[in-house]
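Structure first, then comments.
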């Protein structure tokens, strides 16, 4: 490993695969407490405005999931936020369940999926005793992996909770993105106080296969959930070009658990 940026002495890069990791990640206590408490997050009205802008984003992700899985079944989302994606998936016929470690966001997510869906207020490593729909046909985690000091926790739990032949969908920042190459240590997605592991296409595929998944497919995406419709339409062709070179802002992975 080598130092990635002089300004961020704790951030290291693997010269072979491009993986970025915080060298002190194993010693951090209460790694996500700031997110879980969410004291400085927007109020309910502000979150509602954000969700309206994100609807097209959620519908795109839901369409990607449905295109691969085919017929809907039971689905678990890890880190549901305010429940926007689960709400769209519920409309598409999925039996939805979620895990959310922020109590404030969990309450909002429940409003989006009840009465047929359920969202549990707990952390990922506490979720086993809460889950009701195992085994799942699909599990999805958007922008969760980078927040976990233990990079194995999410893919191994997902593999454990899926049915044979089930699908795991994952989105996380791309350490090979054009934005990172241009902005360096100023790249917003580095977020060194919150993000512990940022993968490249190569390192993420290795992680998923080592966790027991097969049929791993990884693409890159550009734009953000908060983009307005006009900016999203502009980014679509740009994102297509960046994906050809693996340089989009985020990695989108689909990985299947073997039938046996």
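Taking the Cβ of each residue in 245, 5 as the centre, tally the other Cβ atoms inside 10 Å and list the residues starting with the fewest. Mind dumping the intermediate values first?
Working: 245 10, 5 17.
So the ranking, lowest neighbour count to highest, is 245, 5.
Radius of gyration over Kirkwood radius for segment 82-210, both on Cα atoms: the Rg/Rh ratio is 0.99. Mean sequence separation of contacting Cα pairs (under 8 Å, at least six apart), scaled by the length of segment 108-205, corresponds to a relative contact order of 28 percent.
Would you calculate, for the chain, the mean residue ellipticity at 222 nm contributed by helices, counting each DSSP H stretch of 4 or more residues as -39,500 (n - 2.57) and dividing by all residues, to the nearest 500? Kindly include the intermediate steps, with their values, before the conclusion.
Values: 8 runs with 91 residues, N = 260.
Result for the chain: -10500 deg cm²/dmol, rounded to the nearest 500.
Taking all Cα pairs closer than 8 Å and separated by 6 or more residues, the relative contact order of the chain comes to 20 percent.
Most simply put, the chain has about 50% antiparallel DSSP beta bridges, counting only bridges with both residues inside it. Our summary of shape: the Cα atoms of segment 29-256 have principal axis extents of 45, 42, 38 Å, ordered from largest down, in whole angstrom.
A straight chain from residue 68 to residue 188 at 0.36 nm per residue would run longer than the Cα-Cα distance by 40.1 nm. The long axis of helix 201-210 is offset from the longest Cα principal axis of the chain by roughly 50 degrees. Each of residue 27 and residue 126 was given a label point 7 Å from its Cα along the Cα-to-Cβ line. The distance between the two points is 2.7 nm. Taking the longest Cα principal axis of the chain as reference, the axis of helix 229-244 is set at about 60 degrees. Counting only Cα atoms, the size of segment 137-179 along its three principal axes is 37, 20, 13 Å, in decreasing order. In µm²/s, what is D for segment 88-160 at 20 °C and 1.002 mPa s, where D = kT/(6 pi eta Rh) by Stokes-Einstein and Rh is the Kirkwood radius from Cα pairs? Approximately 164 µm²/s, per Stokes-Einstein. Axis angle, to the nearest 10 degrees, between helix 103-113 and the longest C-alpha principal axis of the chain: 50 degrees. Among 199, 120, sorting on how many other beta-carbon atoms sit within 10 Å of each Cβ, with the fewest leading, yields 120, 199.
Counting other beta carbons within 10 Å of each residue's own, what order do 257, 90 fall into, fewest first? It would help to have the intermediate numbers written out before the result.
Values: 257 24, 90 20.
Ascending number of Cβ neighbours within 10 Å: 90, 257.
None of the figures in this text is laboratory data; all of them are computed from the coordinates on show. Remember, predicted model here, so these are calculated numbers, not experimental data. Cβ atoms come from the backbone with ideal geometry, glycine included; neighbour counts cover every protein chain shown.
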